[in-house]
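See below for the structure under consideration.
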Ligand SMILES: [Zn+2]
């Protein structure tokens, strides 16, 4: 059984799910998992907690987690000319946003992010980028009154980006399995790719012991869902799945560069980020499993970004590991990822889970 079709990735990445508004993502995941798991529950913040029963052996309380939310914009003002003024929910790079198509509010109204015609930009401003608060969104309204009839302050704007398999212009059937090689583009790869891998894991064969999947909310606003979930889930060990920064791009010639990660070099393993130092024995274990199974891996450049790992470790300082799919251009409208990296993250996870019970420092509470 697999859920990894072209259509599942398309659905999972194209649906809206800004911080605090993850319901559509959660529903799709819950509907997909329902026939394959023993318990599904949603906590007061909106985290989805899924239990896949094992063969009955007692073991550590093992959690694999992925955040459901994506970076979005929201409306802060509607001016007399009918343009929407915006702010971001999560960090978004304004360089990536000019001219992009968005969907606005619950009615999903089409909009375009604009910033004045090039003819009106002074020569001195041409090399600079606008701040997010200077961007406006055109929804085709003739005036403010028309816009205000449709859009309210606080409505969210979601990037309108189709999921695509790259390297072909052929239409691929929705039920076609996700290819093992090649590259894909779409929105919300941070972190719907993690959600897709966790969903696939939970529809698969049971382990000897219970596996708990936690799909968190509001990671992009400071790990808020994970912090709340950590206390009621009470894990012994957590693996956090992520879509992470990849900047393996050409820079100025002659400049020596150390990309955060590289596309196609395999799962990115975090040693430390700005919020968390990965449990050393757990990291050593993941490295050993990768080499035992011939699964490529790379280290993510340290001290970049933060993940739900810090949120889960808040509970008793439990060990947490972080495995990521490198994604170019995340925190913008369109990302690009490598399919072999994606499948290798799943392979590494499957290979690593059964032996997590024996990793020193993983405590049995049950
Ligand atoms: Zn993320």
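The values are calculated or read from the model by the stated rules, or taken from the named source; none is laboratory data. What you are looking at is a predicted structure, and each value in this text was computed from that prediction instead of being measured. A quick note on method: Cβ atoms are made from the backbone with ideal geometry, for glycine too, and the neighbour counts reach across all protein chains shown.
Brief remarks follow.
- Residues of segment 64-96 classified as over 17 Å from residue 153 (Cα atoms) and surrounded by fewer than 24 Cβ atoms within 10 Å (Cβ to Cβ), total: 8
- Here residue 280 does not qualify as touching a strand residue (DSSP E or B) at 6+ places or on another chain (Cβ under 8 Å), assigned by TED's automatic domain parsing to the domain that holds residue 188 and exposed (fewer than 15 other Cβ atoms within 10 Å of the Cβ).
Yes/no matrix, rows are residues, columns are (1) at pLDDT 90 or above; (2) part of a helix (DSSP H, G or I):
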| site | (1), (2) |
| --- | --- |
| 92 | no, no |
| 99 | yes, no |
| 107 | yes, no |
| 129 | no, no |
| 133 | no, yes |
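- Subset of segment 183-197 [away from the ligand (no atom under 13 Å from the Cβ) and out of contact with any helix residue (DSSP H, G or I) (no Cβ under 7 Å at 6 or more places or on another chain)]: 185
- Residues being more than 26 Å from residue 303 (Cα to Cα) and within 16 Å of the ligand (Cβ to nearest atom) are represented in segment 156-170 by at least one member.
- Per this entry, residue 16 is counted among residues that are within 14 Å of the chain's Cα centre (by Cα) and in contact (Cβ under 8 Å) with a residue 40 or more places away in the chain.
- Flag for residue 257 being over 25 Å from residue 202 (Cα atoms) and free of Cβ contacts under 8 Å to residues at least 60 places away in the same chain: yes
- Of residues in segment 235-253 being more than 16 Å from the ligand (Cβ to nearest atom) and within 23 Å of the chain's Cα centre (by Cα), the one surrounded by the fewest Cβ atoms within 10 Å (Cβ to Cβ): 249
- Looking only at segment 200-223, residues that are at negative phi, touching a helix residue (DSSP H, G or I) at 6+ places or on another chain (Cβ under 8 Å) and within 16 Å of the ligand (Cβ to nearest atom) come to 5 in all.
- Counting only residues that are within 16 Å of the ligand (Cβ to nearest atom) and under 19 Å from residue 224 (Cα atoms), segment 305-328 holds 11 of them.
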